[in-house]
Amino acid sequence: KTPDRHVPRDPRLIRLTGVHPFNVEAPLTDLFNEGFLTSPELFYVRNHGAVPEVKDEEIPDWEFTVEGLVENPLKLTLKELISDYEQTTCPITLVCAGNRRKEQNVVRKTKGFSWGAAGVSTALFTGVVMADLMKKAKPLRRARYVCMEGADKLPNGYYGTSVKLNWVMDPNRGMMLAHKMNGEMLRPDHGKPLRAVIPGQIGGRSVKWLKRLIITDKPSDNWYHIYDNRVLPTSVSPDEAANNPEWWMDERYAIYDLSTNSAIAYPAHEEQLCLVGAPAKYRVKGYAYGGGGRRVTRVEVSMDKGKTWRLSKIDYAEDRYREAGLQELFGGTLDMTWRESSFCWCFWSIDVPVSELKDAKDILVRAMDESMNLQPRDMYWSVLGMMNNPWYRIAINKEN
Ligand code: MTE
């Protein structure tokens, strides 16, 4: 018996924890084969507790507030938010900070469960730009942070976190409150009826089932802001972290912008490659993403353990959405003209000679972003196993 009986779910999703709470990723090849936009069925889910049940007829009256250090506190229903504010639609990739944690757990057990490389998904989100709400609420001069709180009641209170107010005000960071995903009402697992979408940052900042925005002069004091989504120094062991709260209190270790990352979808792990009589080239392909709105500028593949690297081709599907005129399909305006940033994953591919694959033991991939953040060779292990991004490796299994 689970508390989420009202939530429909796709059997293809792989459960990463027990029955409850629900934490899943799609098989990486299925996710990749869907292409740039992920269907709600295969979108990864990270829930800390039970999904709040909101009936369709209750959606228009869903209330949320903007309060704290503001001149003009707001209490709005979702219906008002939609009718009184300009709606915008934008493709955004969400990534769990735990994406690829499995590799950390193999090296040394972390306190988190084992995500493969499919803790990442992309959708067109429709909603209100958070900056527009702030302009209405008028933050006071000493305001610095926007705290967000969800409706899911957890063992340590409601789920909540914060971001900086000046990020919220920056149009190039694209932070929004969304009620639709790919043109449909949000599904229960993804925050129905309202969620924050914080592009370019770890998924943990995109609060689902959103009830309150609280403007403050300090970062959130919510339990989940402090004890989750942090990369503590690698020397801090699980025991030390458990017994010394001061490690957690240090806001320097909180993580926001995603780290540059990439993964190989083809060949898949355990895939048997038939290299006898095969075409002369094999297409290696996968995804890559940058953090903080920075674009991935190159993706490189090595078949000799990183001695030499080949440059792959990159498809930035995101750019096509700038011109696509999808307003009619998805509602609102597809307003990306005011954004200089890159908020989505890209797909890379490279044709490698089968003769070389035959001799290689593995394939490695690494990406670099526009600020030259290059994926490292070595892992940075930490107690929560977050932001794992060393070169991604696939062992080559040859069919006899
Ligand atoms: N918001 C609430 N209210 N409760 C949660 O458990 N999980 C966070 C974030 N927002 C969470 C939440 C985490 S850790 C991630 S990675 C994303 O939601 C996942 O969003 P998704 O399940 O829609 O993919």
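In table form, for the structure just shown:
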{"item": "Of residues in region 162-202 being polar (S, T, N, Q) and touching an Asp or Glu at 6+ places or on another chain (Cβ under 8 Å), the one farthest from Phe22 (Cα to Cα)", "result": "Asn172"}
{"item": "Selection status of Val146, away from the ligand (no atom under 16 Å from the Cβ) and assigned by TED's automatic domain parsing to the domain that holds Trp247", "result": "no"}
{"item": "Residue under evaluation Ala317, criteria (1) under 22 Å from Leu31 (Cβ atoms); (2) among the hydrophobic types (A, V, I, L, M, F, W, C); (3) touching a helix residue (DSSP H, G or I) at 6+ places or on another chain (Cβ under 8 Å), criterion not met", "result": "(3)"}
{"item": "Search result, residues across region 124-150 that are touching a Lys or Arg at 6+ places or on another chain (Cβ under 9 Å) and in a strand (DSSP E or B)", "result": "Leu124, Phe125, Thr126, Gly127, Tyr145, Val146, Cys147, Met148, Glu149, Gly150"}
{"item": "Qualifying residue in region 123-130 (condition: assigned by TED's automatic domain parsing to the domain that holds Ser206, away from the ligand (no atom under 16 Å from the Cβ), touching a residue at least 24 places away in the same chain (Cβ under 8 Å) and under 20 Å from Lys192 (Cβ atoms))", "result": "yes"}
{"item": "Candidate set: region 73-118, residues that are polar (S, T, N, Q) and more than 26 Å from Arg15 (Cα to Cα); chosen: the one farthest from the ligand (Cβ to nearest atom)", "result": "Ser83"}
{"item": "Residue selected from region 277-323 under the condition loosely packed, with under 14 Cβ neighbours inside 10 Å and among the hydrophobic types (A, V, I, L, M, F, W, C), by the criterion modelled with the lowest pLDDT", "result": "Ala278"}
{"item": "Qualifying residue in region 51-64 (condition: over 16 Å from Met185 (Cα atoms) and more than 16 Å from the ligand (Cβ to nearest atom))", "result": "no"}
{"item": "Top-ranked residue of region 335-358 - restricted to ones that are farther than 22 Å from Val120 by Cβ and surrounded by 13 or more Cβ atoms within 10 Å (Cβ to Cβ), ranked as modelled with the lowest pLDDT", "result": "Asp335"}
{"item": "Selection from region 86-123 of residues that are closer than 23 Å to Ile394 by Cβ and in a strand (DSSP E or B)", "result": "Thr93, Val95, Val120, Ser121, Thr122"}
{"item": "Wholly within region 151-220, strands (runs of 3 or more DSSP E) carrying at least 1 residues that are of a type in the set (Lys, Arg), more than 8 Å from the ligand (Cβ to nearest atom) and more than 19 Å from Leu42 (Cα to Cα)", "result": "157-164, 210-216"}
{"item": "Selected residue [assigned by TED's automatic domain parsing to the domain that holds Thr88, out of contact with any Gly (no Cβ under 6 Å at 6 or more places or on another chain), within 23 Å of Gly68 (Cβ to Cβ) and without any contact (Cβ under 8 Å) to a residue 60 or more places away in the chain] from Lys164, Lys211", "result": "Lys164"}
{"item": "Single condition Thr234 does not satisfy, out of (1) more than 21 Å from the chain's Cα centre (by Cα); (2) at positive phi", "result": "(2)"}
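The values are calculated or read from the model by the stated rules, or taken from the named source; none is laboratory data. Owing to the predicted nature of the structure, the values given are computational and were not obtained by experimental measurement. So basically every Cβ, Gly included, is an ideal-geometry build from the backbone, and we count neighbours across all protein chains shown.
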